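Here the structure comes first, spelled out in structure tokens, and everything after it is commentary.
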Amino acid sequence: MRTYSGTILLGLILCVLSKPLSAQVKNQALRGFPVVFYTEETSFAVGGLGIFTFDFENNLDSGKPSQINFGAAYTLEKQLLLYFPYELYLQQNNWRLDGEIGYYRYTYKYYGIGSNTPESNEETYRVNFPRIQINALHKVSRNIYAGVSYWYDRYDMTNIQSGGLLDTNNPTGTAGGTHSGIGISSVFDTRDNIFYTESGSYLELQGLIDQSWTGSDYDFFQLSLDARTFHTNAYDHTLGFNFVSKFTGGNVPFQKLALLGGPKQMRGYLEGRYRDKVYLTTQAEYRVPVYKRFGAVIFASVGNVAQNLSDFPLTNLKWTLGPGLRYMIDENRKVNIRLDAGFGPGVSGFVLTIGEAF
């Protein structure tokens with residue numbers, strides 16, 4: 001019954017959205033490039049990254065183009081990554097749809113829960129899961145959208161390290177299972193360009209609940225806030241600020257705890273290097289055009305995780321900083337390939353993808 005109720009909810013959302021999504025599209029542009037990489041967990045991997053930008057015919061005058069990003073990779077260890085994040089604007093910008101459709105058969109690292117987990121805790125686990133994320137928002141005023149959200153992951157844990165933390169401590173979620181959450185979302189958006197923002201602000205609030213009646217095997221909630229602002233001077237140098245907070249509560253699976261790190265915040269830290277019920281981070285980025293399609297950035301981030309907001313450590317904060325290189329693959333839309341190198345105390349990491357971090 002749990003999976004069945006979640007499927008019914010997803011079907012209703014898709015039925016509501018099917019009519020506007022059938023609108024004719026204009027101004028299509030497809031950009032992409034192949035990728036080859038190697039890690040200890042994956043061996044060699046091949047794949048590609050890309051972005052498809054377009055305008056719906058009923059949204060040509062809104063100034064908000066739609067996008068479907070895509071990424072795919074297959075490794076010699078028979079791992080598979082396949083994901084399609086999307087952001088669509090329809091009916092003269094009155095509808096905003098975003099989310100992700102994907103499938104992951106991959107190996108991840110786990111260090112335990114908390115802000116002081118040592119590097120020696122490192123272990124790997126394998127998991128397969130499909131992902132569906134839909135946020136359907138309607139414009140309620142000039143720059144404000146509000147609506148409903150549905151997020152679905154179905155975790156199949158295929159390999160856990162014998163004698164490791166997941167095996168011995170058995171945190172919630174070790175057995176896998178279905179995460180099927182519904183909630184509400186709201187967005188305030190005055191950005192001048194959704195791909196490369198030079199002025200304006202963005203604020204997103206979201207709340208999700210997973211319960212048996214939503215189709216989930218776990219009972220918990222998630223709250224998140226994403227705030228951004230941008231300012232550009234006379235030399236076309238842009239300074240951006242970003243603050244992100246995530247709160248979880250209830251019987252939270254370890255996969256759904258607030259995760260520090262990744263390609264967007266705290267670059268340099270592996271996503272999930274630290275995890276707990278509360279996550280706060282802020283970052284700044286300075287963007288400079290260099291020559292023709294090339295640009296450069298410098299960025300700095302600080303943040304941490306905690307079990308409760310009252311326990312959030314104001315000392316021993318995690319931090320990273322680093323440079324980045326940009327190459328504009330679409331001058332009309334201002335879409336960049338992004339290469340960032342993040343460095344912090346005892347950590348470093350690289351990000352190669354399409355689109356800005358925030």
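The values are calculated or read from the model by the stated rules, or taken from the named source; none is laboratory data. Note that the structure is predicted; figures quoted are calculated from it, not measured. Cβ atoms come from the backbone with ideal geometry, glycine included; neighbour counts cover every protein chain shown. Protein only, heavy atoms only, side chains kept; ligands, DNA and RNA dropped before computing areas. Shrake-Rupley method; radii C 1.70, N 1.55, O 1.52, S 1.80 Å.
A search for C-beta distances below 9 Å between a residue of segment 193-220 that is under 30 Å from Ile329 (Cα atoms) and any residue that is open to solvent by 30 Å² or more (accessible area, probe 1.4 Å) and of a type in the set (Phe, Trp, Tyr), counting only pairs 6+ apart in sequence or on different chains, returns Ser201/Phe188; Tyr202/Phe188; Leu203/Phe188; Glu204/Phe188. Taking first residues from segment 156-169 that are at negative phi and among the aliphatic types (A, V, I, L, M) and partners that are in a helix (DSSP H, G or I) and open to solvent by 60 Å² or more (accessible area, probe 1.4 Å), the Cβ contacts under 8 Å between residues at least 6 apart in sequence or on separate chains come to Ile160/Asp167. Counting the residues of segment 133-160 that are in contact with a Gly (Cβ under 8 Å, 6 or more places away or on another chain), within 19 Å of Arg105 (Cβ to Cβ) and buried (at least 16 other Cβ atoms within 10 Å of the Cβ) gives 5.
Tally the residues that are assigned to a strand (DSSP E or B) and not aliphatic (A, V, I, L, M), restricting the search to segment 126-185. Break it down into steps so the answer makes sense when it comes.
Taking segment 126-185 as the starting set, the residues that turn out to be assigned to a strand (DSSP E or B) are 126-141, 144-160, 177-185.
Next, only the ones that are not aliphatic (A, V, I, L, M) stay: 126, 128-131, 133, 135, 138-139, 141, 145, 147, 149-156, 158-159, 177-181, 183, 185.
Qualifying residue count, segment 126-185: 29.
Being surrounded by fewer than 19 Cβ atoms within 10 Å (Cβ to Cβ) and at pLDDT 95 or above is the requirement here; does Ile51 meet it?
Working: surrounded by fewer than 19 Cβ atoms within 10 Å (Cβ to Cβ): no; at pLDDT 95 or above: yes.
Here the answer is no, as Ile51 does not meet what is asked.
Apart from one condition, Thr117 fits all of (1) in a strand (DSSP E or B); (2) touching a Lys or Arg at 6+ places or on another chain (Cβ under 9 Å); the exception is (1).
When segment 59-78 is filtered for residues that are of a type in the set (S, T, N, Q) and surrounded by fewer than 19 Cβ atoms within 10 Å (Cβ to Cβ), only Ser62 remains.
The set of residues in segment 172-191 being open to solvent by 10 Å² or more (accessible area, probe 1.4 Å), over 18 Å from the mean Cα position of the chain (by Cα) and of a type in the set (S, T, N, Q) consists of Thr172, Thr174, Thr190.
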